[in-house]
1. Quick one: in segment 69-113, which of the residues that are in contact with a Lys or Arg (Cβ under 8 Å, 6 or more places away or on another chain) and assigned to a loop (DSSP other than H, G, I, E, B) is nearest to LEU40 (Cα to Cα)?
2. Could you list, ordered by first residue, the pairs with Cβ atoms under 8 Å in which the first is in segment 33-51 and free of Cβ contacts under 8 Å to residues at least 40 places away in the same chain and the second is open to solvent by less than 40 Å² (accessible area, probe 1.4 Å) and basic (Lys, Arg), at least 6 apart or interchain?
3. Right, THR82: closer than 17 Å to ALA18 by Cβ, at pLDDT below 95, open to solvent by 10 Å² or more (accessible area, probe 1.4 Å) and of a type in the set (Val, Ile, Thr) or not?
4. Considering only residues of segment 85-104 that are closer than 26 Å to TRP134 by Cα and of a type in the set (A, V, I, L, M, F, W, C), which is surrounded by the most Cβ atoms within 10 Å (Cβ to Cβ)?
5. Could you check segment 162-185 and list, in sequence order, the residues that are open to solvent by less than 50 Å² (accessible area, probe 1.4 Å) and farther than 22 Å from PRO29 by Cα?
6. For segment 30-57, how many residues meet the condition of being in contact with a Leu (Cβ under 6 Å, 6 or more places away or on another chain), of a type in the set (A, V, I, L, M) and more than 18 Å from VAL11 (Cβ to Cβ)?
7. Just one of (1) assigned to a loop (DSSP other than H, G, I, E, B); (2) surrounded by 12 or more Cβ atoms within 10 Å (Cβ to Cβ) trips up GLN132, so point out which.
8. For segment 135-161, what are the residues that are more than 17 Å from LYS179 (Cβ to Cβ), out of contact with any Gly (no Cβ under 9 Å at 6 or more places or on another chain) and open to solvent by 40 Å² or more (accessible area, probe 1.4 Å)?
Amino acid sequence: MARQVRIIGGVWKRTPLAVLDSEGLRPTPDRVRETVFNWLAHLLDGNWSGVRCLDLFAGTGALGFEAASRGAAAVSMIEHNTPAVRQLEATKVKLDALQVQILRSDAATWLSKAAGDAARYDLIFLDPPYHQGWLEKTLPLCRALLSEYGFLYLESEFALSPEELPAWLAGWELLRADKAGMVFYHLLRKQHNSA
């Protein structure tokens, strides 16, 4: 039996998503997604209709398809692994997910090229493979792409503390953080200097 995760809310609730056996592929657990999407529902007042999402390191697409299931206007998924891209495309067809766009690319390369497209997204999911320095490489590049009051979800192998944020988190505000097993997950937004 292949491993799978399920979409937990919205129109595709309970739809299984296959998890490929691929190095570094670590789908966000159902329990974590439930918590994060509860946070987001509260912050967005449950209004997903205008939300444009970017799912970097998409993997199974669990985060992006979850957002689309809840009514996100557009979801761009970036994934480098060819078998994972094929799986994402098959899922998109199965769900008839017309608002989902799948791009095969290295996240850092794609972000560098997209940097000129300012404020394209209201929600960015950043869930890279662990222990490879991806957060430091990609998070600064996400800033320009996020709308002024947008949110960035970040998953990592370590906890971020509001008191001791690493240098590569300069200019970000930590809104929420939690832990489930070995997964540390965080919700950030751009820091706004109060006048």
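The values are calculated or read from the model by the stated rules, or taken from the named source; none is laboratory data. What you are looking at is a predicted structure, and each value in this text was computed from that prediction instead of being measured. With ideal geometry, Cβ positions are generated from the backbone for all residues, glycine too; neighbour counts draw on all protein chains shown. These accessible areas exclude ligands, DNA and RNA; they are computed on the full protein's heavy atoms, side chains included. Shrake-Rupley method; radii C 1.70, N 1.55, O 1.52, S 1.80 Å.
1. The qualifying residue nearest to LEU40 (Cα to Cα) is ALA72.
2. No pair meets every condition.
3. Values: closer than 17 Å to ALA18 by Cβ: yes; at pLDDT below 95: yes; open to solvent by 10 Å² or more (accessible area, probe 1.4 Å): yes; of a type in the set (Val, Ile, Thr): yes.
Criteria met by THR82.
4. Step by step, filter segment 85-104, then rank; the result is LEU88.
5. Result: PRO166, TRP168, LEU169, GLY171, TRP172.
6. Of all residues in segment 30-57, those in contact with a Leu (Cβ under 6 Å, 6 or more places away or on another chain) come to 39, 51, 53, 55-56.
The next check asks that each one be of a type in the set (A, V, I, L, M); those that pass are 51, 56.
Checking which are more than 18 Å from VAL11 (Cβ to Cβ) leaves us with 56.
Going through segment 30-57 one residue at a time, the tally reaches 1.
7. If we test GLN132 against (1) assigned to a loop (DSSP other than H, G, I, E, B); (2) surrounded by 12 or more Cβ atoms within 10 Å (Cβ to Cβ), just (2) comes out false.
8. Answer for segment 135-161, where residues must be more than 17 Å from LYS179 (Cβ to Cβ), out of contact with any Gly (no Cβ under 9 Å at 6 or more places or on another chain) and open to solvent by 40 Å² or more (accessible area, probe 1.4 Å): GLU136, LYS137, LEU141, GLU148, TYR149.
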